[in-house]
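Enquirer: Have a look at this one.
The values are calculated or read from the model by the stated rules, or taken from the named source; none is laboratory data. Fair warning: this is a prediction, and the values are worked out from it, not measured in the lab. Ideal geometry is used to build each Cβ from the backbone, glycine not excepted, and the neighbour counts take in all protein chains shown. With ligands, DNA and RNA removed, areas are computed over all heavy atoms of the protein, side chains included. Shrake-Rupley method; radii C 1.70, N 1.55, O 1.52, S 1.80 Å.
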Amino acid sequence: MTSTPQPLTLALSKGRIFEETLPLLEAAGVEVKDDPETSRKLILDTSRPDLRIIIVRATDVPTYVQYGAADFGIAGRDVLYEHADTHSRGLYQPVDLNIARCRLCVAVRENFDYHAAVRQGSRLRIATKYVRAAREHFAQKGVHVDIIKLYGSMELAPLVGLADAIVDLVSTGNTLKANNLVAVEDVAHISSRLIVNQAALKTRGAELRPLLNTFAQASGA
Ligand code: ATP
Ligand code: PRP
């Protein structure tokens, strides 16, 4: 008796990564059967019976792929950098898809003279979700910092005295502007990468590689 093979599993987060992956799926001739914005389903069927999509938090995508619960996924460089701090074995990152592009920046209140504070050697309090990236950025600059880990709404921290500065993602700049903050330094340019479970690439390479190649080509990588 032969058992039906498990479909290939692609891990995506809903929102911008899902939306920006749709054209890549389309290039591979794949249509997604459900809309994660309206459906409560976490496993989405596609027009290909051998491919399904799981919807997870952006920060959890590398974990699902690393443990092989998903064969491949798409995650931001910001998320991958923080994930690699604790565990990155088993993850292959072949392609920068150039989607979900933004910058990781240091930002402060409009009336806070960040460069003067740095020149004076002040110790700064930094609120961020990106602890590893922030710690390494300030260590490289020789700036002493205390890092406060937050999980969202970082822009609030300098406004209510929780921190002198934040390290957060900036795209249009609208969120900073709406909160009277300004970006004063770039930490990194961010885009999203394909990530692949290394064991899956060995055992299911014949099915995976054509999809990975189509994604890479469609993204211009
Ligand atoms: P979670 O919901 O788990 O807290 P999140 O809110 O960071 O994660 P998204 O906002 O969907 O999740 O962001 C997913 C990825 O998209 C981020 O990891 C980052 O690489 C990128 N990204 C985040 N904000 C922007 C933005 N404003 N413009 C472009 N890309 C962005
Ligand atoms: C991200 C980021 C900033 C905002 C920047 O938040 O954390 O707050 O985008 O984008 P902008 O420069 O174009 O305003 P997101 O929209 O993902 O909200 P969330 O982190 O609360 O999910």
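Enquirer: How many residues are touching a residue at least 60 places away in the same chain (Cβ under 8 Å), open to solvent by 30 Å² or more (accessible area, probe 1.4 Å) and assigned to a helix (DSSP H, G or I) when one looks only at the range 170-203?
Expert: The qualifying residues number 2.
Enquirer: Do we have any residue at all in the range 17-32 that's more than 17 Å from Phe215 (Cβ to Cβ) and within 16 Å of ligand 2 (Cβ to nearest atom)?
Expert: The answer is no, given that none of the residues of the range 17-32 is more than 17 Å from Phe215 (Cβ to Cβ) and within 16 Å of ligand 2 (Cβ to nearest atom).
Enquirer: Count, please, the residues in the range 12-34 that happen to be under 15 Å from Asn98 (Cα atoms) and basic (Lys, Arg).
Expert: So the count comes out to 1.
Enquirer: Pull up the range 99-133, narrow it to residues that are within 15 Å of ligand 1 (Cβ to nearest atom) and in a helix (DSSP H, G or I), then point me to the one that is surrounded by the most Cβ atoms within 10 Å (Cβ to Cβ).
Expert: Checking each candidate, the answer is Ala133.
Enquirer: Same structure, new question: If Met154 satisfies every condition in (1) assigned to a helix (DSSP H, G or I); (2) surrounded by 14 or more Cβ atoms within 10 Å (Cβ to Cβ); (3) of a type in the set (A, V, I, L, M) but one, which is the exception?
Expert: Here Met154 meets the rest and fails (1).
Enquirer: Which of the residues spanning the range 157-169 are outside any strand (DSSP E or B), open to solvent by less than 50 Å² (accessible area, probe 1.4 Å) and within 16 Å of ligand 2 (Cβ to nearest atom)?
Expert: Once the filter is applied, which keeps residues that are outside any strand (DSSP E or B), open to solvent by less than 50 Å² (accessible area, probe 1.4 Å) and within 16 Å of ligand 2 (Cβ to nearest atom), the range 157-169 yields Ala157, Pro158, Ala163.
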